[in-house]
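Chemist: The structure under discussion is supplied below as structure tokens; questions concerning it will follow.
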Amino acid sequence: MSPLVFTLRDAPLQRLDLAPLAPDRLVGLSESKIATIQLQTTRERVLAGDVFKIRTGEATQIRFEGGSERFDRIGAGMSQGEVIVDGAVGIQAGRLMQGGRLAIAGNAGPWAASGMTGGILAISGHAGDRLGGPLAGETVGMRGGVVIVRGNAGARAGDRMRRGVIIVEGKADSYVGSRMIAGTIIVGGRAGRLPGYLMNRGTIVTINGSDGLSPTFADSGVHELLATALMARYVETYSREVAATLRRPWRRLLGDMAVIGKGEIFYPSVAN
Amino acid sequence: MSQLTVNGIRVDDTFAEAFEMRATALTITAHNAAWARQAAATMTGFATSVIGCGCEAGIDRVLNPDETPDGRPGVRVLLFAVSTNELQKQVQARVGQCVLTSSGSACYAGLEAEERLKLGNAVRFFGDGWQISKRFGDKRYWRIPVMDGEFICDATTGLSRTAVGGGNIIVMGATNETTLAATELAVEAIAAVPNVIMPFPGGIARSGSKVGSKYKGVPASTNDAYCPTLRGASNSALDPDITSVLEIVIDGLTSDSVAAAMRAGVRAILALGPERGALRIGAGNYGGKLGSHHYHLKDLLP
């Protein structure tokens, strides 16, 4: 079955809310109905048909040909199917995503995977700040699913994360895993300053160390643990490169002791 | 009792009567195959019969590293009990006392099923608050700190309500030596059948039992009809040429696996012949009224 294709006509003149173009909301709609869906974020009305040339297909397989940093909330709340974006996207990609797969070929803005509870979000470029993090006023960030970022992630990736796995193949900026409640974050490149800042529980793996550790983490020494072997097996599906580096002894840092200190950072065995 | 004769061995025209049981399977891994087997042997010790042990348990098969969740050598064990509550109790006690304590061990669900038994969820409290839950996809593990690192355990394991316990073969021979030779051969053949265990020592029971006793409160007692030394005094089921009887009890995750195991055992005994092995094969039942699974020996012949 061929996918439902949205081809970008011109660069959008305002930020667009693309949440209505998720598979859950398009199944059963005709091309003409889809064309009349409103996407504007200002008072100036913008319809899907104005922005995109629409080619009818299976609504559980959606493809966006062309991307824009003004494509906000793409795949938000989706629970099934697949959405593929050929370019960049704006803020909150995959926000509150429950299932299915969202693949972004370019960069994603801040709050990608915010509050996500299931499914897979794959970002081939870089991710903005607060990947998986909560919006203002929310107490919990990502709650499930898998996020894989092939490039770098901005600051506070995994902020207040509760469950799920975030894999960043590149670098992660400062405060990765800040205020983490649980879950797993793996940073293939180097992490910025203070990974795990105020984390309660959860696991952060900084494969290439960080720019500075908080003194509120306690060094429990170097260990070869089955937990990282199991983690490697799981991660292998998403990133062979990262999985291969997990199977070795790690320095285990316990913290953040400034809060309850039940979290852990796996750090290279020779500190760097 | 009417009999058939196959390869010079008399085969009773009877059947083994087996019962539905609750069962689960666990995968135990360790640094090496020897330690995986050690943990499995310890946890399946004292688990010959539900009558006195609470459960019946044994090693199903040895697992290669590529068959285990953590890529280490492993062993799959099966546990059977008469109720879900009893099975849960046995899993918790045996994993907690025998697997958790074994050097380098880890314990995973060995059976996938909708209904679940607590595994790590039951033993995690040993961690005294230091235990860590880790979820990867739909799998949840418990990491319990121990003195050689961490004990890793799946949170739950599958429960089967359609397992079968009590498949059996009664092997009768002229001497202890020939009877044991035939029975050992059958055990070896059955060991190759997946999803079954033979819970008695070495897979063999020398003390087959009947239900009840002349003594109050004793649930099972010696099967006097098959005790050669009581021939003449009891209502013996033995022919004059039989002086040794051994039994193989088989529990399986499915009725088909029990039938396959009995078939493998019977055929191995028959292939050995009467000179070096058994003179007669029988099976234990309760008249067919108690157990829902009947395995007729005549259906298992080559």
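The values are calculated or read from the model by the stated rules, or taken from the named source; none is laboratory data. Computed from a predicted model, the values in this text were never measured in an experiment. Positions of Cβ are backbone-derived with ideal geometry, glycine not excepted, and every protein chain shown enters the neighbour counts.
Chemist: Within segment A:224-251, can you find the residues that are away from chain B (no Cβ under 11 Å), assigned to a helix (DSSP H, G or I) and surrounded by 15 or more Cβ atoms within 10 Å (Cβ to Cβ)?
Modeler: Answer for segment A:224-251, where residues must be away from chain B (no Cβ under 11 Å), assigned to a helix (DSSP H, G or I) and surrounded by 15 or more Cβ atoms within 10 Å (Cβ to Cβ): A:242, A:243, A:245, A:246.
Chemist: In segment B:280-302, what residues are hydrophobic (A, V, I, L, M, F, W, C) and crowded, with 22+ Cβ neighbours inside 10 Å? Quick ask: steps written out before the conclusion?
Modeler: We begin by selecting, within segment B:280-302, every residue hydrophobic (A, V, I, L, M, F, W, C); these are B:281, B:283, B:290, B:297, B:300-301.
If the condition is that a residue be hydrophobic (A, V, I, L, M, F, W, C) and crowded, with 22+ Cβ neighbours inside 10 Å, then B:281, B:283, B:297, B:300 are the ones that fit.
Chemist: Follow-up. Looking at the structure I just gave you, is residue B:107 touching a Ser or Thr at 6+ places or on another chain (Cβ under 8 Å), away from chain A (no Cβ under 14 Å) and not aliphatic (A, V, I, L, M)? Spell out how you get there, then give the answer.
Modeler: On the way: touching a Ser or Thr at 6+ places or on another chain (Cβ under 8 Å): yes; away from chain A (no Cβ under 14 Å): no; not aliphatic (A, V, I, L, M): yes.
No.
Chemist: Return yes when residue A:203 is touching a residue at least 40 places away in the same chain (Cβ under 8 Å) and either within 14 Å of another protein chain (Cβ to nearest Cβ) or closer than 21 Å to residue B:149 by Cβ (or both) and no when it is not.
Modeler: Working: touching a residue at least 40 places away in the same chain (Cβ under 8 Å): yes; either within 14 Å of another protein chain (Cβ to nearest Cβ) or closer than 21 Å to residue B:149 by Cβ (or both): yes.
Spelling it out, residue A:203 is indeed touching a residue at least 40 places away in the same chain (Cβ under 8 Å) and either within 14 Å of another protein chain (Cβ to nearest Cβ) or closer than 21 Å to residue B:149 by Cβ (or both).
Chemist: Moving on. Checking the structure you have, find out if any residue of segment A:48-63 is in a loop (DSSP other than H, G, I, E, B), surrounded by 15 or more Cβ atoms within 10 Å (Cβ to Cβ) and aliphatic (A, V, I, L, M).
Modeler: To start, the set of residues in segment A:48-63 that are in a loop (DSSP other than H, G, I, E, B) comprises A:56-57.
Okay, now just the ones that are also surrounded by 15 or more Cβ atoms within 10 Å (Cβ to Cβ), so A:57.
Pick out the ones that are also aliphatic (A, V, I, L, M) and you get none.
Checked segment A:48-63: no residue is in a loop (DSSP other than H, G, I, E, B), surrounded by 15 or more Cβ atoms within 10 Å (Cβ to Cβ) and aliphatic (A, V, I, L, M).
Chemist: Looking at A:115, A:90, can you tell me which residue is under 21 Å from residue A:42 (Cα atoms), outside any strand (DSSP E or B) and at pLDDT 95 or above? Full working, then the answer.
Modeler: Working: A:115 fails: under 21 Å from residue A:42 (Cα atoms).
Result of the check over A:115, A:90: A:90.
Chemist: Restricting attention to segment B:135-147, does a residue exist that is of a type in the set (A, V, I, L, M, F, W, C), free of Cβ contacts under 8 Å to residues at least 12 places away in the same chain, at the interface with chain A (Cβ under 10 Å from one of its Cβ atoms) and within 25 Å of residue A:182 (Cβ to Cβ)? Explain how you work it out, then say what you get.
Modeler: First, the residues of segment B:135-147 that are of a type in the set (A, V, I, L, M, F, W, C): B:136, B:142, B:144, B:146-147.
Filter again for free of Cβ contacts under 8 Å to residues at least 12 places away in the same chain, leaving B:136, B:147.
Right, trim to at the interface with chain A (Cβ under 10 Å from one of its Cβ atoms) and you get B:136.
Subsequent filtering for residues that are within 25 Å of residue A:182 (Cβ to Cβ) retains B:136.
Checked segment B:135-147: at least one residue is of a type in the set (A, V, I, L, M, F, W, C), free of Cβ contacts under 8 Å to residues at least 12 places away in the same chain, at the interface with chain A (Cβ under 10 Å from one of its Cβ atoms) and within 25 Å of residue A:182 (Cβ to Cβ).
Chemist: Would you list the helices (runs of 4 or more DSSP H) that sit entirely within segment B:34-144 and hold 2 or more residues that are over 14 Å from the mean Cα position of the chain (by Cα)?
Modeler: On the way: elements: B:50-53, B:84-94, B:120-123.
Output list reads B:84-94, B:120-123.
For every residue, the table says whether it meets (1) among the aromatic types (Phe, Trp, Tyr); (2) not assigned by TED's automatic domain parsing to the domain that holds residue B:100; (3) not in a helix (DSSP H, G or I).
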{"position": "B:153", "(1), (2), (3)": "no, no, yes"}
{"position": "B:167", "(1), (2), (3)": "no, yes, yes"}
{"position": "B:177", "(1), (2), (3)": "no, yes, no"}
{"position": "B:189", "(1), (2), (3)": "no, yes, no"}
{"position": "B:194", "(1), (2), (3)": "no, yes, yes"}
{"position": "B:213", "(1), (2), (3)": "no, yes, yes"}
{"position": "B:238", "(1), (2), (3)": "no, yes, yes"}
{"position": "B:242", "(1), (2), (3)": "no, yes, yes"}
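Chemist: What residue, among those in segment B:115-134 that are free of Cβ contacts under 8 Å to residues at least 24 places away in the same chain and closer than 27 Å to residue A:116 by Cβ, is surrounded by the fewest Cβ atoms within 10 Å (Cβ to Cβ)? It would help to see each step written out before you state the result.
Modeler: Within segment B:115-134, the first condition is being free of Cβ contacts under 8 Å to residues at least 24 places away in the same chain, and the residues that meet it are B:125, B:127-134.
In the following step, the residues that additionally are closer than 27 Å to residue A:116 by Cβ were identified as B:131-134.
On the way: B:131: 19, B:132: 20, B:133: 15, B:134: 20.
My answer is B:133.
Chemist: Quick check, is residue B:264 out of contact with any helix residue (DSSP H, G or I) (no Cβ under 6 Å at 6 or more places or on another chain), at pLDDT 95 or above and not in a loop (DSSP other than H, G, I, E, B)? So that I can check it myself, show each step before the final result.
Modeler: Details: out of contact with any helix residue (DSSP H, G or I) (no Cβ under 6 Å at 6 or more places or on another chain): no; at pLDDT 95 or above: yes; not in a loop (DSSP other than H, G, I, E, B): yes.
So residue B:264 fails the test.
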